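Here is the structure we will look at.
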Amino acid sequence: SSDLDEKTDLVEKYLAHTHNRMEEDAVWQAASESQKEQARVYIERNIMSHIYTHAMYPNGDGDIMRDQILHEHIEKLSAMITPTHKDLRIPKVYHYECPWPAAQSEVYMINAYKTPRDKLRCVLRCSSTIMNLLRMANEKSVPAADDFMPVLIYVLIIGWFQSFKVPL
């Protein structure tokens, strides 16, 4: 884990150094904040695309095996979980929106991205989509965490498993 922390620190330091150099460069002095942010995102995406396998699987085959075991567990879980599963406790009023395909599509896309920022944005879009669907399903009340979390869990399990059925 300390080796992984060290590698994470190295990437963060390299990105910070590169961003600082960019700020000092005369070419970027006239750029807008939006243009600079776009450049920083591009740099991060470029770096991560080159080191992705090493970043995601720093322990090589050991990490790949753990990923496969997790995938097998999620596959078994996705085969038995339904929106009416007793442990999820999704209120019936929300079942009409099931299986929340718009939210699942956001999770499905997570493997297309390489940077942590882009992956988190997938989860954020998924969460926003779920909240919008829950609001539409029950216009008489505002969805709370007790409404949102079971649906998010269901969508993540089903959407995550679906994302591995067809390689991107």
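Shown here for segment 40-102: trypsin sites (Lys or Arg not before Pro) in loop regions (DSSP other than H, G, I, E, B) with at most 16 other Cβ atoms within 10 Å, namely LYS86, ARG89. Kirkwood analysis of segment 46-131, using all unique Cα-Cα pairs, places the hydrodynamic radius at 15.3 Å. For the chain, the spread of Cα coordinates along the three principal axes comes to 59, 42, 28 Å, biggest extent given first. Here THR53 sits with roughly 90 square angstrom of accessible surface, probe radius 1.4 Å. Surface listing: GLU75, GLU33, GLU44 arranged by accessible area from highest to lowest gives GLU33, GLU75, GLU44, probe 1.4 Å.
Measuring with a 1.4 angstrom probe and ignoring ligands and nucleic acids, MET65 comes out at about 100 Å² accessible.
For the set LYS86/LYS119; LYS92/LYS114; LYS86/LYS114; LYS13/LYS76, the pairs lying more than 32 angstrom apart at their alpha carbons are LYS92/LYS114; LYS86/LYS114; LYS13/LYS76. For LYS36, no lysines have a Cα closer than 17 Å to its Cα, not counting residues fewer than 8 places off in the same chain.
Note on surface exposure: VAL151, VAL11 rank VAL11, VAL151 by accessible area, highest first, 1.4 Å probe.
From its DSSP helices (H runs of at least four residues, each -39,500 (n - 2.57)), the chain gives a residue-normalised ellipticity at 222 nm of -24000 deg cm²/dmol. Taking all protein chains as present, what is the carbon and sulfur share of the accessible area of segment 1-94, in % to the nearest whole number, probe 1.4 Å? After summing per-atom areas, the C and S share lands at 56 percent. Relative to the dominant Cα principal axis of the chain, helix 33-56 is inclined by about 80°.
Of the GluC sites (Glu not before Pro) found in segment 89-155, those that fall in a DSSP loop while having at most 11 other beta-carbon atoms within 10 Å are GLU139.
Between the Cα long axis of helix 2-24 and the first principal axis of the chain there is an angle of about 60°, rounded to the nearest 10. Of the chymotrypsin sites (Phe, Trp or Tyr not before Pro) found in segment 1-64, not one falls in a DSSP loop while having at most 11 other beta-carbon atoms within 10 Å. Which ³J(HN,Hα) values, rounded to whole Hz and listed in residue order, are derived for segment 127-134 from phi using the Karplus coefficients 6.51, -1.76 and 1.60 in 6.51 cos²θ - 1.76 cosθ + 1.60 with θ = phi - 60°, glycine and proline given as x? Those phi angles translate into 4, 4, 4, 4, 4, 4, 5, 5 Hz.
Averaged over its residues, segment 1-54 has an accessible area of 76 Å² per residue, based on protein heavy atoms and a 1.4 Å probe.
The values are calculated or read from the model by the stated rules, or taken from the named source; none is laboratory data. Please read these numbers as outputs of a predicted model, since none were measured by experiment. Heads up, the Cβs are rebuilt from the backbone with ideal geometry, glycines too, and the neighbour counts pull from every protein chain shown. Note: areas computed on protein heavy atoms with side chains; ligands, DNA, RNA excluded. Shrake-Rupley method; radii C 1.70, N 1.55, O 1.52, S 1.80 Å.
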